[in-house]
Amino acid sequence: MNMIQLVPVTAENWEACCELTLTAQQQDFMEANVYSIAQAKFEPSLVLRAIIAGEAVVGFVMYNTELEELDGYWIYRIMIDQTQQGNGIGRLAMQAVIDEMRVLPAAKRIVVGYRPDNQAAHRLYASLGFIDHGDRFGREMAVRLEV
């Protein structure tokens with residue numbers, strides 16, 4: 001896999017985003033995509049993206065366009081359908097999201113939170129340059145990427 005696209009979540013693809021699934025072990029790590037889509041309806045600073053590979057929706061992303069904790073822009077959700085995991089799509093999607101977020105006003109830091117027991121997320125974020133400075137928010141740890 002070497003090509004993905006991030007496209008806005010629209011009337012044409014939102015249901016496909018809601019049909020994406022995680023493994024049983026991953027389901028505790030994030031909210032359902034339908035919840036995120038509803039949340040974005042009431043929080044206009046949230047951006048939703050469908051991750052497309054070929055013609056198919058294979059993943060989902062939600063990030064904020066307002067500076068928040070740690071003086072950064074937060075990626076709230078990123079998920080790849082369980083049938084598409086292990087193909088490098090998550091890495092490509094994260095790189096594309098980072099590229100989109102770099103141009104936000106006063107962007108100097110991107111932050112992502114995840115549960116410490118999510119080892120796949122830990123490896124992915126560390127490999128992309130996110131650094132753990134010991135920040136914790138409830139059950140999640142937050143890692144930072146300086147941009």
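The values are calculated or read from the model by the stated rules, or taken from the named source; none is laboratory data. Here the structure is a predicted model, which is why all the values come from computation and not from measurement. All Cβ positions, glycine included, derive from the backbone under ideal geometry; neighbour counts span all protein chains shown.
Computed quantities for the displayed model
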read-out	value
Within the range 101-134, tally of residues that are of a type in the set (D, E, K, R) and surrounded by 15 or more Cβ atoms within 10 Å (Cβ to Cβ)	2
Unmet criterion (only one of (1) at negative phi; (2) outside any strand (DSSP E or B)) for G86	(1)
Unique match (being of a type in the set (A, V, I, L, M), in contact (Cβ under 8 Å) with a residue 40 or more places away in the chain and touching a Ser or Thr at 6+ places or on another chain (Cβ under 8 Å)) among L70, L104, L92, L48	L48
Residues of the range 1-27 satisfying the condition of being out of contact with any Ser or Thr (no Cβ under 9 Å at 6 or more places or on another chain), among the polar types (S, T, N, Q) and either loosely packed, with under 12 Cβ neighbours inside 10 Å or modelled with pLDDT under 95 (or both)	N2, T10, T23, Q25, Q26
